[in-house]
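Colleague: Before anything else, here's the structure in question.
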Amino acid sequence: MERLTLILRLDGELDMSTANMLRQTIDGEIDKRGIRTVILNLQNVQFVDSSGLGVILGRYKKLLPLGGKLKITNVPPHIYKIMELSGLPKIINFYLDEAHAYEEGRGA
């Protein structure tokens, strides 16, 4: 069976006002389409708060027992610093760009 990948290019702020919509979008795709890899491109994200970090960690935890992966790409330095303080890079793989994230794990 082909492992489906969902690539999301986020824009703006990932905070209390947007986190729930992101969670619902990702969970819906996982449940409806059998998505097993989610790539989050954060290139255009200006701000992340604890709600945003929580939704990222929650999707990681949802995918893990399904044999899936959450990958994060194109993280601006100020956003990476926040994620680093929260410990996310210790459990979630970060990539330079979407191409590297997509190819990793495909045997290419």
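Read the figures in this text as sums done on the coordinates, not as results from a lab. Everything numeric here is computed off the predicted structure, so don't read it as measured data. A quick note on method: Cβ atoms are made from the backbone with ideal geometry, for glycine too, and the neighbour counts reach across all protein chains shown.
Colleague: Taking the range 47-91, which residues are β-branched (V, I, T) and surrounded by 15 or more Cβ atoms within 10 Å (Cβ to Cβ)?
Modeller: Taking the range 47-91 first, the residues β-branched (V, I, T) are 48, 55-56, 72-73, 75, 79, 82, 91.
Within the range 47-91, V48, V55, I56, I72, T73, V75, I79, I82 meet the criteria.
Colleague: Restricting attention to the range 1-21, and to residues there that are assigned to a strand (DSSP E or B) and of a type in the set (D, E), which single residue is farthest from R33 (Cα to Cα)? I'd like the intermediate steps shown before the answer.
Modeller: Step one: list which residues in the range 1-21 are assigned to a strand (DSSP E or B), which gives 4-14.
Then keep just the ones that are of a type in the set (D, E); that gives 11, 13.
Working: D11: 24, E13: 26 Å.
The qualifying residue farthest from R33 (Cα to Cα) is E13.
Colleague: Go through (1) in a strand (DSSP E or B); (2) among the β-branched types (V, I, T); (3) within 12 Å of the chain's Cα centre (by Cα) and name the single condition I26 misses.
Modeller: Tallying (1) in a strand (DSSP E or B); (2) among the β-branched types (V, I, T); (3) within 12 Å of the chain's Cα centre (by Cα), I26 fails exactly one: (1).
Colleague: When you look at N41, is it at positive phi and either touching a Pro at 6+ places or on another chain (Cβ under 6 Å) or touching a residue at least 24 places away in the same chain (Cβ under 8 Å) (or both), yes or no?
Modeller: Considered against the rule, which asks whether it is at positive phi and either touching a Pro at 6+ places or on another chain (Cβ under 6 Å) or touching a residue at least 24 places away in the same chain (Cβ under 8 Å) (or both), N41 comes out as no.
Colleague: Kindly list, by first and then second residue, each pair from a residue in the range 74-100 that is without any contact (Cβ under 8 Å) to a residue 40 or more places away in the chain to a residue that is among the small types (G, A, S) and surrounded by fewer than 15 Cβ atoms within 10 Å (Cβ to Cβ), limited to pairs with Cβ atoms under 9 Å and residues at least 6 apart or on different chains.
Modeller: Note: pairs meeting the criteria are S86/S50.
Colleague: Among the residues of the range 50-65, is there at least one that is within 16 Å of Y102 (Cβ to Cβ) and out of contact with any His (no Cβ under 6 Å at 6 or more places or on another chain)?
Modeller: Within the range 50-65, one or more residues are within 16 Å of Y102 (Cβ to Cβ) and out of contact with any His (no Cβ under 6 Å at 6 or more places or on another chain).
Colleague: I need the full set of residues from the range 68-108 which are within 22 Å of G34 (Cα to Cα) and assigned to a loop (DSSP other than H, G, I, E, B), in order please.
Modeller: G68, I92, E104, G105, R106, G107
Colleague: Any idea which residue in the range 3-46 is farthest from Y95 (Cα to Cα), counting only those that are basic (K, R) and surrounded by 14 or more Cβ atoms within 10 Å (Cβ to Cβ)? Working first, answer last.
Modeller: Going residue by residue through the range 3-46, those that are basic (K, R) are 3, 9, 23, 32-33, 36.
Filter again for surrounded by 14 or more Cβ atoms within 10 Å (Cβ to Cβ), leaving 9, 23, 36.
Details: R9: 14, R23: 21, R36: 17 Å.
It comes out as R23.
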